[in-house]
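To keep things clear, I will list the structure first and then write my remarks on it.
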Amino acid sequence: MKQFSRVGFAFSAILLLGLGPAAKSGAAPIFEVEAQAGPLFSLTGLPGMTPAIQSGWDAKLSVAIETRDVFAPTIAATGEDGFGAPAFSGRLQADLFTLGQSPIQSDGNSYRAWQGMGLSLLGGIHSPSFRLPLAGILASARLEAGGGLRATKYTGTGLVSANPAIVGQAGLDIHVSSKVALGISLPLEFAWKSGGTALMFGVGAVIQYR
Amino acid sequence: MKTRKGKLALALVFFPLFFLIASCSLGTASITTTRKALLIGINTYPTSRDLTYPVADANSMQALLVAQGWDTEILTDTQATKSGIQAAIHDFLGGVPSDGTALIYYSGHGTVSNPIAASYQADHGTLSTFSGSIGDAWLVPYDFDTTNWTGGISASDLSTWFEADLLTKNVIVIADSCFSGGFVPISDSADTIGQEYAVDSGGSVYSSSLAALGSFGDLLAANAAAKGTLSPVVISAAGSRESSYDGTPSQGHGVFTYYLLESATKGDANGDGYVTCTEAYTYAAKAVNRAWNNSIGSSMEFYPHISGGLRDLALFKL
């Protein structure tokens, strides 16, 4: 837990550092609201049991702040959206997910269905805009990582529990207007749960307003 | 160059998608390992009030499990002494190989180790107004000594016997008896269903879950302390401070066992052809609440419980 608190503190500090230069140089940070949903899978394992895949879905709602001053406070605007430098992004994300029971194994074991909600704090980089090959559509890519806390419940029971997790996501945003982007995201999460581990991964459809 | 980049982009997108879709096709395996069940049902006690349906409960569970390929042994009434039960665990369930499954089903009286609390429950029908410790939950074997209040089977007894005699970690314990919630370890979790449902049921499971989140730090600590060891999956008919009951003549079983048996045909929530312990519990618990708690007086309400942890075990096959 101590380790997790340090991770949370580090990301909070990065967020604040990111905002500082933006304020000094007068470049306004960009605020984003994003919704994401899609299928989710978990490679779940316990000591003494064969790991198995659980499948389900998740939905995420997040707010993010993006500034380019962290990486290039003096670079002139050259990119297609007005910026030529990569941007730093800090994101506060709320998650809602559910995973079904894993298939029964030959010895009768399986992993229980569970569902949960959580909060994550992520930091990462957002590429300058570029034209997608073939279609020529204006797009940008991003890569984010951070930590989160989850409150979960074993489906069909009254048993609730909580766990920490490392979270990350890679995404591709397609700019349909100056304010709105649609995209695809590949969320990844590693959770320590009930003495075992869950490596969760999925695909999310993204809608973003900035 | 443009085409190669395009192919690379497509590969980056579609490879993970293909992997995910392939993952979905992982199917349910047939259970090929040994499965043995010890069924215990006690109607008559030399020094306690007799019950009506425990032997019928054990017989019906045996018939159901035999039909599904389980190897079974049954102990009823005079056979179900403490030493008889211990010997059956050693001799019969001890033969289950390490990858097999051992099941113990018990239907009969349950009590608590504090005789004053047990007496209070018998007189008042509730422990909600009892002050002081109720002690440990006990299963009551045929030869239980009511005079000296000794000879009960505790969770600690079962744990010791399992450690000594069982090769497998795939163990299911089902207890249809009063105070049986005392046998249910919650492991990494907090149970939002009260141990005395008539008193603790309060609001919905959702509001209870939100209330449990008030102790988020404790839940994180419990999760960090969980070792992930494969402890038995335990299902109890009732909470640790409440009674379970014989059903109606038309049911012909204990209330909980009636719905547990029914779960074998109606409890497969995910449609994979198996009813796991969690699915059977969920079906039976909801049915008890709907059919019994909603029609009976609050002093006789009870709610089943199940142990915590990520692991589940198949119980019935459709």
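The values are calculated or read from the model by the stated rules, or taken from the named source; none is laboratory data. On a predicted model such as this, the values are computed, not experimentally measured, just so you know. Positions of Cβ are backbone-derived with ideal geometry, glycine not excepted, and every protein chain shown enters the neighbour counts. Calculation scope for accessible area: heavy atoms of the full protein, side chains included, ligands and nucleic acids excluded. Shrake-Rupley method; radii C 1.70, N 1.55, O 1.52, S 1.80 Å.
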Counting only residues that are open to solvent by 10 Å² or more (accessible area, probe 1.4 Å), within 8 Å of another protein chain (Cβ to nearest Cβ) and assigned to a helix (DSSP H, G or I), region B:279-314 contains a total of 2
When you scan region A:84-141, how many residues do you find that are facing another protein chain (nearest Cβ under 7 Å), part of a strand (DSSP E or B) and of a type in the set (S, T, N, Q)?
2
Looking only at region B:22-63, and only at residues there that are of a type in the set (Gly, Ala, Ser) and at pLDDT 95 or above, the one that is most open to solvent (accessible area, probe 1.4 Å):
B:ALA63
If we scan region B:215-230, do we find a residue that is surrounded by fewer than 17 Cβ atoms within 10 Å (Cβ to Cβ) and among the basic types (Lys, Arg)?
yes
Identify, from the list B:ILE186, B:ILE193, the residue that is assigned to a loop (DSSP other than H, G, I, E, B), within 18 Å of B:THR229 (Cβ to Cβ), at pLDDT below 95 and within 10 Å of chain A (Cβ to nearest Cβ).
B:ILE186
Listing of strands (runs of 3 or more DSSP E) fully contained in region B:53-156 that carry 3 or more residues being over 24 Å from B:ILE186 (Cα atoms):
B:71-76
If A:ARG91 passes every condition in (1) at pLDDT 90 or above; (2) surrounded by fewer than 20 Cβ atoms within 10 Å (Cβ to Cβ); (3) charged (D, E, K, R) but one, which one does it miss?
(2)
Matching residues, region B:95-112, being more than 24 Å from B:THR52 (Cα to Cα) and crowded, with 17+ Cβ neighbours inside 10 Å
B:VAL96, B:ASP99, B:GLY100, B:THR101, B:ALA102
Here is a check on your reading of the model: is B:ILE235 under 12 Å from the mean Cα position of the chain (by Cα), within 11 Å of chain A (Cβ to nearest Cβ), open to solvent by 10 Å² or more (accessible area, probe 1.4 Å) and not acidic (Asp, Glu)?
no
For region A:33-44, which positions are facing chain B (nearest Cβ under 9 Å) and either surrounded by fewer than 19 Cβ atoms within 10 Å (Cβ to Cβ) or on the phi > 0 side of the Ramachandran plot (or both)?
A:PRO39, A:LEU43
Inside region A:167-203, can you point out the residues that are open to solvent by less than 50 Å² (accessible area, probe 1.4 Å) and outside any strand (DSSP E or B)?
A:SER194, A:GLY195, A:VAL203
B:LEU158: more than 14 Å from chain A (Cβ to nearest Cβ), buried (at least 22 other Cβ atoms within 10 Å of the Cβ) and either more than 20 Å from B:THR257 (Cα to Cα) or modelled with pLDDT under 95 (or both), yes or no?
yes
Tally of residues being open to solvent by 10 Å² or more (accessible area, probe 1.4 Å) and under 22 Å from the mean Cα position of the chain (by Cα) across region A:148-166
5
Name the single residue, out of those in region B:241-278 being within 14 Å of the chain's Cα centre (by Cα) and part of a helix (DSSP H, G or I), that is surrounded by the fewest Cβ atoms within 10 Å (Cβ to Cβ).
B:LEU261
